[in-house]
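Structure, as structure tokens:
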Amino acid sequence: MSLLKRLFSLKLVKWLTALFIIFIITVCFCNYWVVHSTKSQLYANINDVPVRKTGLLLGTNKSWRGAENPYFKYRILAAVDLFKAGKIKHIIVSGDNHVSYYDEAKDMKDSLLKQGVPDSCITLDYAGFRTLDSMVRCLEIFGQDSITVISQAFHNERAIFIGNYYKMHAIGFNAADPSTRFSFQTDVREYFAKFKAVLDLYVLHTGPHFLGEKVKV
């Protein structure tokens, strides 16, 4: 009996190891697919960015451990630069607002207003709980399929990948990246986020949490 148990344990370890290796390979493949299929649609130099009517600014928390979140800061600066350069005329700010004391969209709007973007040129999307929600709602609720997505490069890759799946004509403008001490944890998490994006689109066929009535932009 003891020998059977050992053989079973050994077999189980081999199967778990094989499954783990397959999982890691799959995650790496999904990351490669997302990054390389969107490469030509991302811009880092504002002078190279094509003119689009609408920019989609992806939300994030304004604070990080009691200080200003650099991801938030650099996304705002990127959106303002695009607007002032005439590369976009209107900004949809899409963020999470699932609890009363947390409102990414409003926080970003307030920062845009302080930087001189007129209120009439900003539309809020309070139901951008995930990147997938933000992209699909931009298309289905706000009627915008030709957009410039504004976030850091790692995030833009995933957003544009989702946009491509939905046949959107999306490009991305890459906001500056924070220092390594801020980005390491985000980079690790993003590996699995890209894998989840592929899973959501091609296996689970996940849709946004909410749609609702259309909004004219």
Over region 68-87, the set of residues modelled with pLDDT of 95 or more and either over 19 Å from the mean Cα position of the chain (by Cα) or surrounded by fewer than 13 Cβ atoms within 10 Å (Cβ to Cβ) (or both) is D81, F83, K84, A85, G86, K87
Options D96, D119, D145: the member that is in contact with a helix residue (DSSP H, G or I) (Cβ under 9 Å, 6 or more places away or on another chain), surrounded by fewer than 23 Cβ atoms within 10 Å (Cβ to Cβ) and under 19 Å from T186 (Cβ atoms) | D96
Test T60 against the criterion of being at negative phi and in contact with a Gly (Cβ under 9 Å, 6 or more places away or on another chain), and give yes or no.
-> yes
Could you please give the count of residues in region 162-189 that are touching a residue at least 60 places away in the same chain (Cβ under 8 Å), over 14 Å from A44 (Cβ atoms) and open to solvent by less than 10 Å² (accessible area, probe 1.4 Å)?
-> 1
Whichever residue in region 31-51 is under 15 Å from K84 (Cα atoms) and in contact with a helix residue (DSSP H, G or I) (Cβ under 8 Å, 6 or more places away or on another chain) and, among such residues, is most open to solvent (accessible area, probe 1.4 Å) = I46
Taking region 99-112 and the residues there that are open to solvent by 50 Å² or more (accessible area, probe 1.4 Å) and in a helix (DSSP H, G or I), the one that is nearest to K216 (Cα to Cα) would be K106
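Residue by residue, here is whether (1) farther than 15 Å from G172 by Cβ; (2) assigned to a loop (DSSP other than H, G, I, E, B); (3) charged (D, E, K, R) holds:
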position: K5; (1), (2), (3): yes, no, yes
position: V13; (1), (2), (3): yes, no, no
position: A18; (1), (2), (3): yes, no, no
position: I21; (1), (2), (3): yes, no, no
position: F29; (1), (2), (3): yes, no, no
position: L82; (1), (2), (3): no, no, no
position: K87; (1), (2), (3): no, yes, yes
Checking Y71 against (1) within 22 Å of D119 (Cα to Cα); (2) in contact with a Ser or Thr (Cβ under 9 Å, 6 or more places away or on another chain); (3) among the hydroxyl-bearing types (S, T, Y), which test does it fail?
-> (1)
Answer yes if at least one residue in region 48-67 is part of a helix (DSSP H, G or I) and either at pLDDT 95 or above or out of contact with any strand residue (DSSP E or B) (no Cβ under 6 Å at 6 or more places or on another chain) (or both), and no otherwise.
-> yes
Between residues in region 116-136 that are closer than 13 Å to T54 by Cβ and residues that are basic (K, R) and surrounded by fewer than 20 Cβ atoms within 10 Å (Cβ to Cβ), which pairs lie under 7 Å by C-beta distance while being six or more apart or on different chains?
-> C121/K89
Regarding I46, is this residue farther than 17 Å from T186 by Cβ, of a type in the set (A, V, I, L, M) and within 18 Å of the chain's Cα centre (by Cα)?
-> no
Matching residues in region 190-217 (open to solvent by 90 Å² or more (accessible area, probe 1.4 Å) and polar (S, T, N, Q)) number 0
In the set T60, T26, which member is open to solvent by 40 Å² or more (accessible area, probe 1.4 Å), in contact (Cβ under 8 Å) with a residue 24 or more places away in the chain and either touching a helix residue (DSSP H, G or I) at 6+ places or on another chain (Cβ under 6 Å) or not small (G, A, S) (or both)?
-> T26
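The values are calculated or read from the model by the stated rules, or taken from the named source; none is laboratory data. Just so it is clear, the structure is predicted and the values come from calculations on it, not from any experiment. For neighbour counting, all protein chains shown are included, and Cβ atoms are generated from backbone atoms with ideal geometry for every residue, glycine included. Just the protein is used for accessible areas: all its heavy atoms, side chains included, with ligands, DNA and RNA removed. Shrake-Rupley method; radii C 1.70, N 1.55, O 1.52, S 1.80 Å.
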